[in-house]
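The structure appears below as structure tokens.
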């Protein structure tokens, strides 16, 4: 058919001159792969954090205040995973949350929270009253009723263009009063969701560039400010750090806190806040920058040695005295009193960690 | 751990095949370069994850192409449930290359980009990647009959556009029926 030939010719003419930059592509694919590994590690970390949330005394470990409610008799561990059962089943995957009774170690019924293309698990968080688990998916957040184990209607946040920005919701933080869920997505937007109605509010832009934007979001123990990090685009010499404070009363962003660390080579920007709420610690490249929350000013970067591995995860002990940072070679402690690093603890291929209550 | 040999084999593959894969991705995404690049990265990352297994098998390229096709299949299913917002493609040639001045090709490509995603994917796989109907069906996860009917409908839509270039709107919503063409089709039929 002549028109098939015409179409063939037109398609070739349109794209045959297009070139892919192979070296750049290889770098991007590797970076995306590390990101995937990070997601896998996060699934484990999220489970540990979920456990921590279920145990009041453990809350200090993630920088949030003890919850006032009575804890359940046996805390439930929620694990967010994909393709349960193992084996590659194609690019469209099932995302599943599995509750585990920590007293007996027995898993409960799997809760299916949708399917997505190569999306895998995102983040998981539990409201302080323990009644709702929120999990992120592609462009969505799904609430799960923990009493019945049933997922609610996914809450759409922003655009869901298949390969556009905002595809992944990256991280969740819930205010200590449990009223607002903040979702940081890949497009560098923070969407507040009212837990009373499960409706999203207007997104708050915290900046960033495609596919690199999402970092982490945490809320101060007093619940007044959320801090969202933007993953830096590093070159070999430097990394620009960026943290945006958000007033939870008005859902408006404050002036971004910007700083540059002079050693580059890694992306990922995680944040943790001391239990007293006075200092936020932000990982950027192989450094940790303390930020005074009273003035939102960054201090001198603390070099922790070695590139942060995966997430560059940072966790502060419940007593607030030490921050532990995941590096390429293990975990490095930082004294929060002096902001100096201690001797690194070497652990080969560490992926994620948590601190006992 | 990945061996240096595995890494080198992946790099060789990307260097050799990325241009060709990108071209297919471009056509699948209606020549939207950013989307095409992202689609390709996703497919390659998936392949990279399993590289030690697939590099020795029948063909990593087939694996990557399958993911490209699955992705566009997933995309149209998603859009069927939740329509995508309008992205104006008019106002200038969609393809800013040397052939843009050739009016027929330009119209054909704009018409291709304006086709529903499934029809576009079928035409790209059948006539750009030169896959058989059965292979196309397998890649897209649909039946042979669907491939046949979608190819016929897609070509018919292109024909209408070629006959009447003004039928192509400037603000076509991908994945939605072209109202002008639909009216004309109804009038013709």
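Anything in the range B:14-36 that is in a helix (DSSP H, G or I), surrounded by fewer than 22 Cβ atoms within 10 Å (Cβ to Cβ) and more than 7 Å from chain A (Cβ to nearest Cβ)? List them, or say none.
B:16, B:17, B:20, B:33, B:34
Take residue B:46 and decide whether it is in contact with a helix residue (DSSP H, G or I) (Cβ under 6 Å, 6 or more places away or on another chain), crowded, with 23+ Cβ neighbours inside 10 Å, modelled with pLDDT under 90 and within 7 Å of chain A (Cβ to nearest Cβ).
yes
Can you pull out every residue in the range A:138-178 that is at pLDDT 75 or above and within 14 Å of chain B (Cβ to nearest Cβ)?
A:140, A:153, A:154, A:155, A:156, A:157
What about residue B:109, is it crowded, with 24+ Cβ neighbours inside 10 Å, free of Cβ contacts under 8 Å to residues at least 40 places away in the same chain and on the phi < 0 side of the Ramachandran plot?
Here the answer is no, as residue B:109 does not meet what is asked.
On the given criteria, is residue A:40 surrounded by fewer than 19 Cβ atoms within 10 Å (Cβ to Cβ), within 27 Å of residue B:141 (Cβ to Cβ), at pLDDT 60 or above and within 18 Å of the chain's Cα centre (by Cα)?
yes
In the range A:173-190, which residues are in a loop (DSSP other than H, G, I, E, B) and either free of Cβ contacts under 8 Å to residues at least 60 places away in the same chain or surrounded by 24 or more Cβ atoms within 10 Å (Cβ to Cβ) (or both)?
The answer is A:177, A:178, A:179, A:186, A:187, A:188.
What's the total number of residues in the range B:1-12 that are assigned to a helix (DSSP H, G or I), in contact (Cβ under 8 Å) with a residue 24 or more places away in the chain and out of contact with any helix residue (DSSP H, G or I) (no Cβ under 6 Å at 6 or more places or on another chain)?
So the count comes out to 1.
Take the residues in the range A:13-26 that are within 7 Å of chain B (Cβ to nearest Cβ) and part of a helix (DSSP H, G or I), then tell me which one is surrounded by the most Cβ atoms within 10 Å (Cβ to Cβ).
A:14
Name every residue in the range B:118-131 that is within 9 Å of chain A (Cβ to nearest Cβ) and without any contact (Cβ under 8 Å) to a residue 60 or more places away in the chain, in order of residue number.
Across the range B:118-131, the qualifying residues are B:123, B:126, B:127, B:130.
Given the structure, is residue B:57 more than 8 Å from every other protein chain (Cβ to nearest Cβ), within 22 Å of residue A:156 (Cα to Cα) and at pLDDT below 80?
no
List pairs: first in the range B:137-156 and outside any helix (DSSP H, G or I), second buried (at least 16 other Cβ atoms within 10 Å of the Cβ), Cβ under 7 Å, 6+ apart or cross-chain?
Pairs found: B:141/B:70; B:141/B:73; B:143/B:137.
Within the range A:79-127, how many residues are within 14 Å of chain B (Cβ to nearest Cβ) and at pLDDT 75 or above?
Counting residues in the range A:79-127 that are within 14 Å of chain B (Cβ to nearest Cβ) and at pLDDT 75 or above gives 0.
Which of the residues belonging to the range A:284-300 are outside any loop (DSSP other than H, G, I, E, B) and at pLDDT 85 or above?
Residues satisfying the conditions are A:288, A:289, A:290, A:291, A:292, A:297, A:298.
Looking at A:256, A:245 in this structure, which one is at pLDDT 90 or above and more than 13 Å from the chain's Cα centre (by Cα)?
Of A:256, A:245, the one residue that is at pLDDT 90 or above and more than 13 Å from the chain's Cα centre (by Cα) is A:245.
Condition check: part of a loop (DSSP other than H, G, I, E, B) and at pLDDT 75 or above. Does residue A:276 satisfy that?
Yes: the conditions hold for residue A:276.
The values are calculated or read from the model by the stated rules, or taken from the named source; none is laboratory data. The structure presented is a predicted model; accordingly, all values stated were derived computationally and were not measured. Please note: Cβ atoms are built from the backbone with ideal geometry, for glycine as well, and neighbour counts cover all protein chains shown.
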